[in-house]
Every structure is written in structure tokens, then in C-alpha cells.
Amino acid sequence: MTSEDAAILREKFKPIDKTSLSEEISRQIMSLVSTGDLMPGQKLPSERELCTKFGVGRSSLREALRCLTIVGVLETRVGEGTFLALNRDKFIGTVLGWRVATERKNVENLMRVRLALESETAANAALHSTEQSIAELEGTLDRMKTFLADRPGFAAADAAFHLAIAKASENELIFDLLTLIRSQLEQGLLKVGAWPGGPETALIEHRRILDAIRSRDPEAAVTAMRDHLDGALKRYVRAHGS
């Protein structure tokens, strides 16, 4: 970043005059990110400069920077300073994780999004799967069997099965998306598994999906995936109330 660029960035920060100083500092920084004035990997001005531009004390500034670092927006490099994080996956994952963990309705919304995405993914997996990808799916299905009495282990194996389907579909975007929200998938699946007999039913449904993919039948794969995700959603609603 040139000295001219740094000077332009410094002028973007404005004095703070609201009650929650750290919150307003965070809001301004996020606003600069959204407008493109602050780019991934770009270094923020020094703490002294930021305190002067914001018109706040160092404790308020550090609280804001610490919060943004925890959620993955910023990263601190020892001896170098504070930068806008290059990898934004942590921030997105943190936000999704918080929503899924705190609001029941978001588990349902996540499952509805999966219903829209993964049905087509299953069809593509049926068209593009290889012997290796089929073997990987079989392996994850076997792991699910071993974890029938272990809800966290079953949820992890369940998520791995769906990731393997996305990988077999050769759609890198969907695979990356599911990988990004894997921990949220596992949280949702853990809650879905609270319904009595849920894991056993899910195992049967996963077998149908795999059989359709192995048979290279995209229509059957779509139907099996839709039936599975729709059934899982209904089991979750029954287990946690309407």
C-alpha cells in the first residue's frame, strides 16, 4: 500500500460520538470493508492513528479490534500490525454457527437451503461418480453404521457423506460451500438426530441415495435426496416442536 493510499484510507475514519464506542468503531471498519476501501490483506493504520481519527481512547479501540479479530474479520501479525483477514471463511462460519446455535428456525432454514442445493448435487453425482467416489461414499456409510449410538459421531459421518456426494458431483462451488458450513451442518444434524429412531432412518435413506448414484440414475438420486432431506426436516420439527 502506497503512502498516498494509506493517507486516503486514514481519511475514511471519522470521530466517534455514540455511546457504544467499540461497536461504532467496528461498524465503521465493516462499512469500509463493504465499500471496498479496506481490502483483504490490507494493513490498518497504527493504534495511535486510529485513536486520533476516531477520537477514542486506546481501550475502546482495542476492544473493537479484538472483537473483529475473534470473529475472523481482522488478523494480528506480531511485529507487523493489524490487517483485514485474507481468509474470510472464519467470519462466515462464525456468523452461521452463531445463528444455527441460537435460533431453532435457522436449522430449518439451513435444511431448506440444502434441499434446494443437494438434490441437484445428487443427480450430478450419479452422472459423474467414479469407482473411487463410490468407494468413499461406502466408507462414510460404514462409519455412520458404527456411530448409530453415538450422536456426535453419527452427525460427523452424516456430514462427511453429503460432502462426498458434493465432491463426486464435480461441482466445486457446492463442495466449497458445504465445506465452509460443515460445522453448522453437524450441529443441525445433531439436532435432527434427537428424534427417536432418527439415525436408523437416516441410514436407510442414505443407502437409497448411494444406490441411486451407483446405478447412475440421476432422477432416482434426486428423489432419494429430496425424500431424505424432507424427512429429516419433518423429524426435526417433530422433535423440537412446530
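The values are calculated or read from the model by the stated rules, or taken from the named source; none is laboratory data. Quick caveat: nothing in here was measured; it's all calculated off a predicted structure. In this analysis, Cβ positions are derived from the backbone assuming ideal geometry, glycine residues included, and neighbour counts consider all displayed protein chains. The area values use the complete protein model at the heavy-atom level, side chains included, leaving out ligands, DNA and RNA. Shrake-Rupley method; radii C 1.70, N 1.55, O 1.52, S 1.80 Å.
Some notes on this structure:
- Among residues of the stretch 58-74 that are under 13 Å from E23 (Cβ atoms), those with a beta-carbon under 7 Å from a residue that is modelled with pLDDT of 85 or more and surrounded by fewer than 17 Cβ atoms within 10 Å (Cβ to Cβ) at least six positions away or on a different chain give the pairs L61/E47.
- Here the condition is being open to solvent by less than 90 Å² (accessible area, probe 1.4 Å) and modelled with pLDDT of 85 or more; of I25, I16, it holds for I25 alone.
- Contact annotation: residue pairs with Cβ atoms under 7 Å, 6 or more positions apart or on different chains, pairing a residue in the stretch 180-204 that is farther than 12 Å from A157 by Cα with a partner that is assigned to a loop (DSSP other than H, G, I, E, B) and modelled with pLDDT of 80 or more, are E200/L148.
- Contacts under 9 angstrom Cβ, first residue in the stretch 120-139 being under 14 Å from H162 (Cβ atoms) and open to solvent by 20 Å² or more (accessible area, probe 1.4 Å), partner part of a helix (DSSP H, G or I) and charged (D, E, K, R), 6 or more apart: E136/K167
- Checking A156, A212 one by one, the residue that is in contact (Cβ under 8 Å) with a residue 12 or more places away in the chain and within 22 Å of the chain's Cα centre (by Cα) is A156 and no other.
- Of the residues A135, A149, A123, the single one that is within 21 Å of L233 (Cβ to Cβ) and at pLDDT 85 or above is A123.
Results for (1) open to solvent by less than 20 Å² (accessible area, probe 1.4 Å); (2) at pLDDT below 95; (3) assigned to a loop (DSSP other than H, G, I, E, B), shown as yes or no for each residue.
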| position | (1), (2), (3) |
| --- | --- |
| L185 | yes, yes, no |
| K191 | no, yes, no |
| I209 | yes, no, no |
| A212 | yes, no, no |
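- For the stretch 43-83, the set of residues classified as open to solvent by less than 50 Å² (accessible area, probe 1.4 Å), of a type in the set (V, I, T) and either at positive phi or in a loop (DSSP other than H, G, I, E, B) (or both) consists of V56, V71, V73, listed by residue number.
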